[in-house]
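Read the structure below first, then the notes.
Bear in mind these aren't lab numbers, they're just calculated from the coordinates by the rules spelled out. Because the structure is a prediction, the values reported are computed rather than measured. Glycine gets a Cβ as well: all are built from the backbone with ideal geometry, and neighbour counts include every protein chain shown.
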Amino acid sequence: MVDVESFVADAREEIAAEIGAGEAIIALSGGVDSSTAAALAYDAVGDQLTPVYVDTGLMRKGETEQIRETFAYMDSLRVIDAQERFLDALEGVTDPEAKRHAIGEQFIREFETVAREVGADHLVQGTIYPDRIESEGTIKSHHNVGGLPERIDFEGIVEPMRDLYKDEVREVARHLDLDALVAERMPFPGPGLAVRIIGEVTDEKLAVAREATHVVEDELDEYDPWQAFAAVLGKATGVKGDNRVHGWVVAVRSVESRDGMTARAQEIDWETLQRIQSRITGSHDAVARVVYDVTHKPPATIEYE
């Protein structure tokens, strides 16, 4: 395990040395990785850092409002409404890797725009060790690693937590006294709900995935999963009232893990699963059925794309 005090001291020195007298921006998503990196960087260089939260339209329910509240103490926080640009970039895209690359490229372009405005020449990211392993192998590309475009207009990319696992990041977050809503929250993919939607991302599928994930996180909180969420898989027939419908199939996923490299599906009691399906099918007329995913990692991945 990481020696937290030594790591924090070393990370602050590294950040300060890499950024020097320049300016930097940090990609802030609100997850524990980017939030911890932001706290470290803000402590290290203060007003030289501009935290940037990009509302992609692919975020969890209430995410943007929570970001504004949690990081209000950072005076230089920028909240960018880029929903239309991201959804335009994803129009017609169905391949999982193509989605990740489209999202990664759009993120970089948003950050470059802010960087030009504030004169920043460095980008700080919350990349952790499993991100690098999975991107360097053949599992998937992360938008902040393998999903980066070839052209990046930054002098340097700073990744102070590149050698940490998720549980070690949480230790650092607690050491920095980050809000428990951040330090203890479940992982959320950088590409957001886009990788919880099989096929093309549409407004309707986004609405279903967002509300269903909210239900799952709420209902399974007592199980203390490493990660729990819902994904929109495709369509199947169902019955709503007296009408036959062709609606979305939503998969519920809940796993236990240490670092995300491997994971085991959780055993959830029948009553809880029935309550989840009732809430999800009742939340959106377009949902026809709900299934529970019992596959471990491997052979599956945790996310669906």
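Quick look at the numbers
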| quantity | calculated |
| --- | --- |
| Kirkwood Rh in Å, taken over all unlike Cα pairs in the chain | 20.0 Å |
| Fraction of antiparallel bridges per DSSP, the chain only, in percent to nearest 5 | 45 percent |
| Length released on extending from Gln274 to Glu184, taking residue separation times 0.36 nm less the Cα-Cα span | 29.8 nm |
| Segment Ala207-Tyr73, extension gain: residue separation times 0.36 nm, minus the distance between their alpha carbons | 45.2 nm |
| Dipole of the range 203-292, positive end: most advanced residue of Trp226, Tyr292, Thr262 [Cβ charges, Cα centre] | Tyr292 |
| Relative packing of peptides 59-72, 41-54 - highest average C-beta neighbours within 10 Å first | 41-54, 59-72 |
| Diffusion constant of the range 4-176 at 25 °C, which comes from Stokes-Einstein with the Kirkwood Cα-pair radius and 0.890 mPa s, µm²/s | 150 µm²/s |
| FRET efficiency for Glu155 and His296, using Cβ-Cβ distance with R0 set to 25 Å, rounded to 0.05 | 0.05 |
| The range 1-65: C-alpha gyration tensor shape, a/c 1.5 cut-off, then a/b vs b/c | oblate |
| Nearest-20 debye value, the chain charge dipole, Cβ charges on Lys, Arg, Asp, Glu | 1280 debye |
| Shape call, the range 203-292: gyration tensor on alpha carbons, a/c limit 1.5 | prolate |
| When each of Lys99/Lys205; Lys205/Lys235; Lys235/Lys297; Lys99/Lys240; Lys166/Lys297 is checked by Cα-Cα distance, pairs over 21 Å | Lys235/Lys297; Lys99/Lys240 |
| Magnitude of the charge dipole, the range 210-291, Cβ model with Lys/Arg +1 and Asp/Glu -1, debye to 20 | 560 debye |
| Whether the range 76-139 is rounded, prolate or oblate, judged on the alpha carbon gyration tensor where a/c under 1.5 counts as rounded | oblate |
| Pairwise FRET efficiency - Val114 versus Glu13, Cβ, R0 = 30 Å, nearest 0.05 | 0.70 |
| Spacing of the two label points (7 Å from each Cα toward its C-beta) at Glu91 and Val245, in nm | 2.8 nm |
| Ordering of 206-216, 20-30 by burial proxy (mean other Cβ atoms within 10 Å per residue, highest first) | 206-216, 20-30 |
